[in-house]
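Take a look at the structure below.
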Amino acid sequence: MTTADARKPLFIRMHDADNVAIVANDGGLDAGAVFGNGLALVDRVPQGHKVALVDLPRGTAVRRYNVTIGTTNKDIPAGSWVHERLLDMPAARELEGLPIATVKPPVQAPLEGYTFEGFRNADGSVGTRNILAVTTTVQCVAGVVDFAVQRIKAELLPKFPNVDDVVGLEHSYGCGVAIDAPDAIIPIRTLRNISLNPNFGGEVMVVSLGCEKLQPERLLPPGSFAIVDERSVVGTGSSAEPQLDVVCLQSENHIGFMSMIDSIMTAAQLHLERLNARRRETVPASELVVGVQCGGSDAFSGVTANPALGFCTDLLVRAGASVMFSENTEVRDGIDQLTSRASTPEVAEGIIREMAWYDAYLKKGLVDRSANTTPGNKKGGLSNIVEKAMGSIVKSGSVPITGVISPGEKLKAKGLTYAATPASDFICGTLQLAAGMNLHVFTTGRGTPYGLAQVPVIKVATRTDLARRWHDLMDINAGRIADGEATIEDVGWELFRFMLDVASGRKKTFAEQWKLHNALVLFNPAPIT
């Protein structure tokens, strides 16, 4: 966009059938501004917010993305600001009578020859980082583990230059919970599968208190780990199995706090030695396991960053990689788009099953999908969850959806998978880690310093203004699409190549550079006792 263009009133209309568009100009536009088609603004309209392209009498269906996002509750003249208070949200689509595996996109040619430098694991998976993880069975041990991890980083890690980091897998679960409730399997398998994430190289330490409900034998299958005392470490034997060790703080052999720390550091030493012996090797791009997510979304999310990420998703799938998209409430209003793109009726039924389960979960809490949108979403131009969902889904690209998994489960196949999760950034990221994610892409319009210690997080800004202000937090500026300086395809390819560099360790994301790490949050729908 030239300087002259930047001063001209501009709007972005997503589909010819839309009767609203969003204002593109930085800072918004004042009343009286006239667009190139002769439409004059009646109100001041902030950037990213909707303007009525025609008169919208009360009761009119307001369309964006060629989807009804609401119905007007008063007469709205052409040129007016169309905000959330003027719209009544439509009811959610019923889960019966949906199109099932009806969309058959043309098969795209495989994308061959793309590689990255990764850490090959004994189970065949590949890590993008080489990290020692310290799993905890209960929140009670978090302080001890944090103290030990800081000691390990200061005293041991410098001796092992091929190990990227040491992280404590802390959480709020493990005791004071209905551990035998049917839904308790969700947090338990989540923590179990995170412990086996590809970025940990099969070397997982476990710190247990001793009296907690989530005993090590319950967290980890019998025979896959060994209990050790404060002075010794016992491996599992088979090199193809994860190397799991447990340090129990209530062991009678522990005399004082420092003896607990000594035990943890003794165990860490052996794990670090094995991790340090690993080297990166050239692997095909098909070994990437990418989780895609959006947070702090605005009206540009579905215009710039998410479409570019969707194009990149298609590239990744063509390269044979695994991609998962999630966030139940942020795709619920496009359920027909998902079931129609399912590769088989079984996949479509799996998606419907997950949505029905989550609908019931929300109903139990006396809320519905409308609770999703935040004040920031609305300030960024999103009127409700319907509009937000239309912009969210596009990050999944156009390829068929070939798999669906429940919360906490591991990925079962390559290609595009719907990983059912709540929309919370932190819970979604935690569940995608459990599924086996080794690289994370996060788009944002309002801006968020979100990051994870366990996996690189690539941040994509929806607007140039955000990329300029947060220049040392945003890795990719998709706002150039709205500025007219790049196409969706241009940014999609830029992101794809950047992902290969980050996965190889040649580049670090800003979240890695600043060590911006959010806490893991286990999704626990079971009762608290």
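The values are calculated or read from the model by the stated rules, or taken from the named source; none is laboratory data. Since the structure is predicted, the reported quantities are computational estimates derived from the model, not experimental observations. Methodologically, a virtual Cβ is constructed for each residue, glycine included, from the backbone with ideal geometry; neighbour enumeration extends over all protein chains shown. The area values use the complete protein model at the heavy-atom level, side chains included, leaving out ligands, DNA and RNA. Shrake-Rupley method; radii C 1.70, N 1.55, O 1.52, S 1.80 Å.
Taking only the alpha carbons of the chain, we obtain Rg and Dmax values of 24.5, 82 Å in that order. Summarised in one figure, the compactness ratio Rg/Rh of region 447-529, Cα atoms and Kirkwood Rh, is 1.09. Of the peptides 247-259, 177-189, the ranking by mean beta-carbon count within 10 Å, highest at the top, reads 177-189, 247-259.
Rounded to the nearest 0.05, the FRET efficiency derived from the C-beta distance between ARG93 and SER259 at R0 = 56 Å is 0.40.
Mind giving me the FRET efficiency for LYS8 and GLU112? R0 is 60 Å, r the Cβ-Cβ distance, nearest 0.05 is fine. Here the calculated transfer efficiency is 0.85.
Net charge in the neighbourhood of THR417 (other residues with Cβ under 11 Å of its Cβ; Lys, Arg +1, Asp, Glu -1) is +2.
For the set ILE481, ILE100, solvent exposure ranked by accessible area (probe 1.4 Å, protein chains only) runs largest to smallest as ILE100, ILE481.
Straight-line reach from LYS507: which lysines have a Cα under 19 Å away, not including same-chain ones fewer than 8 places off? The qualifying lysines are LYS459, LYS515.
Using heavy atoms of the protein chains and a probe of 1.4 Å, the accessible area assigned to TRP514 is about 140 Å². Note that the chain presents 38 Å² accessible area per residue, ligands and nucleic acids not counted, probe 1.4 Å. Report the charge-dipole magnitude of region 301-360 in Debye, nearest 20, computed about the Cα centre from +1 at each Lys and Arg Cβ and -1 at each Asp and Glu Cβ. My answer is approximately 220 debye.
Taking only protein heavy atoms and a 1.4 Å probe, the accessible area of region 122-209 is 54% carbon and sulfur.
Using a probe of 1.4 angstrom, how much of the accessible area of region 378-529 is carbon and sulfur, in percent? About 55 percent, which is the carbon plus sulfur part of the accessible surface. How charged is the neighbourhood of GLU346? Take every other residue with its Cβ under 15 Å from the Cβ of GLU346, and add Lys/Arg as +1 and Asp/Glu as -1. Once positives and negatives cancel, what remains is +1. In straight-distance terms, cross-link reach from LYS104 covers every one of the lysines whose alpha-carbon lies under 21 Å from its own, apart from those fewer than eight places away in the same chain; here that gives LYS395, LYS414. Summing Cβ point charges (Lys, Arg +1; Asp, Glu -1) relative to the Cα centre of the chain gives a dipole of roughly 660 debye. Over all other residues within a Cβ to Cβ distance under 11 Å of ASN438, the charged ones net out to 0, with Lys and Arg as +1 and Asp and Glu as -1.
Roll a 1.4 angstrom probe over the protein heavy atoms and tell me the percent of accessible area of region 320-360 that is carbon or sulfur. Of all accessible area on region 320-360, carbon and sulfur atoms account for 57 percent. Mean separation of Cα pairs under 8 Å and 6 or more residues apart, divided by the residue count, gives region 1-155 a relative contact order of 14 percent.
The mean sequence distance of close C-alpha pairs (under 8 Å, at least 6 residues apart), as a share of the length of the chain, puts its relative contact order at 17 percent.
Rounded to the nearest 0.05, what FRET efficiency is calculated for LYS515 and ASP75 with R0 set to 41 Å and r the Cβ-Cβ distance? Result of the calculation: an efficiency of 0.15.
The shape of region 289-374 comes out oblate: with a ≥ b ≥ c from the C-alpha gyration tensor, a/c is at least 1.5 while a/b does not beat b/c. Taking 0.36 nm per residue of sequence separation and removing the Cα-Cα distance, the GLU485/HIS15 pair yields an extension gain of 167.1 nm. Starting from 0 in steps of 10 Å, tell me what percent of the Cα-Cα pairs of region 36-95 lands in each bin. Reading the bins upward from 0: 22, 54, 20, 4, 0.
Straight-line cross-link reach from LYS379 at under 19 Å between alpha-carbon atoms covers these aspartates and glutamates, not counting any fewer than eight positions away in the same chain: ASP26, ASP30, ASP43, GLU84, ASP88, ASP298, GLU330, GLU387, ASP425, ASP465. For a modelled paramagnetic label at ASP55, 7 Å from Cα along Cα-to-Cβ, the residues of region 67-86 in reach, with backbone nitrogen under 14 Å, are 75-80. The relative contact order of region 456-513, computed from alpha carbon pairs under 8 Å that lie at least 6 residues apart in sequence, is 40 percent.
Size descriptors for region 283-324: radius of gyration and Dmax over Cα atoms are 11.7, 38 Å. By the helix-only formula, in which each DSSP H run with n ≥ 4 contributes -39500 (n - 2.57) and the sum is divided by residues, the chain has a 222 nm mean residue ellipticity of -8000 deg cm²/dmol.
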